[in-house]
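This report concerns only the one structure given below.
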């Protein structure tokens, strides 16, 4: 009974669009966001393990339709993976990209959205450590990376945004490679805050 009371009071109103957190969206907003999670590669013939990764940047939700927003972002993302190669030795590969994701968000309720989109990334850094040495390996990677993502989000009237996103690279990241063809892959949870809005009004729809 206690669990049911908690769900009825706090959880269901959020996803059904009632309570103090519902909103009507008009115009645009600007916010900052940070995310954390794990990243790895999808690659043929390589034993890979995920490592911790994350991103930091800005986003701009733009009102499109009554239940739809378009959201461009500018992110600095750190990722990579752990490789197990010859004689069971470990090699840690870390990379950093400037990324430009673009998402289309459909609001199932006034605060809960489903989202999908794509991204373009430009490589800034690639570093390898293992086998007793370290090396800059940026010249072994392609400069550009492209992929798709899907996710879901929760936007509160306070300006706080929460999200979970799965991203899959669609292009190989190694130079001159037609065999292994590694592609980036990561899952991140994010938190953001919309600190600036233009022509955007919030409406309290609390039902008595």
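In this structure, does residue 96 turn out to be part of a strand (DSSP E or B), without any contact (Cβ under 8 Å) to a residue 60 or more places away in the chain and surrounded by 16 or more Cβ atoms within 10 Å (Cβ to Cβ)? Answer is yes for this residue.
Suppose we keep only residues that are surrounded by fewer than 17 Cβ atoms within 10 Å (Cβ to Cβ) and part of a strand (DSSP E or B) within the stretch 1-47. Which one would you say is modelled with the lowest pLDDT? Once the filter is applied, the top-ranked residue is 47. For residue 84, the test of being at negative phi and more than 13 Å from the chain's Cα centre (by Cα) is passed. Using the structure shown, decide if residue 136 is out of contact with any helix residue (DSSP H, G or I) (no Cβ under 6 Å at 6 or more places or on another chain) and surrounded by fewer than 17 Cβ atoms within 10 Å (Cβ to Cβ). Judged against the criteria, residue 136 is a match. Is it true that residue 85 is touching a strand residue (DSSP E or B) at 6+ places or on another chain (Cβ under 7 Å), touching a residue at least 24 places away in the same chain (Cβ under 8 Å) and buried (at least 16 other Cβ atoms within 10 Å of the Cβ)? Against the criterion (touching a strand residue (DSSP E or B) at 6+ places or on another chain (Cβ under 7 Å), touching a residue at least 24 places away in the same chain (Cβ under 8 Å) and buried (at least 16 other Cβ atoms within 10 Å of the Cβ)), residue 85 does not qualify. Here residue 152 clears all of (1) within 16 Å of the chain's Cα centre (by Cα); (2) loosely packed, with under 14 Cβ neighbours inside 10 Å except the condition numbered (2). Under the condition of being within 20 Å of residue 72 (Cα to Cα) and in a loop (DSSP other than H, G, I, E, B), which residue from the stretch 185-208 is modelled with the lowest pLDDT? Within the stretch 185-208, the match that is modelled with the lowest pLDDT is 200.
The values are calculated or read from the model by the stated rules, or taken from the named source; none is laboratory data. Keep in mind the model is a prediction, meaning the values are calculated, not measured. Heads up, the Cβs are rebuilt from the backbone with ideal geometry, glycines too, and the neighbour counts pull from every protein chain shown.
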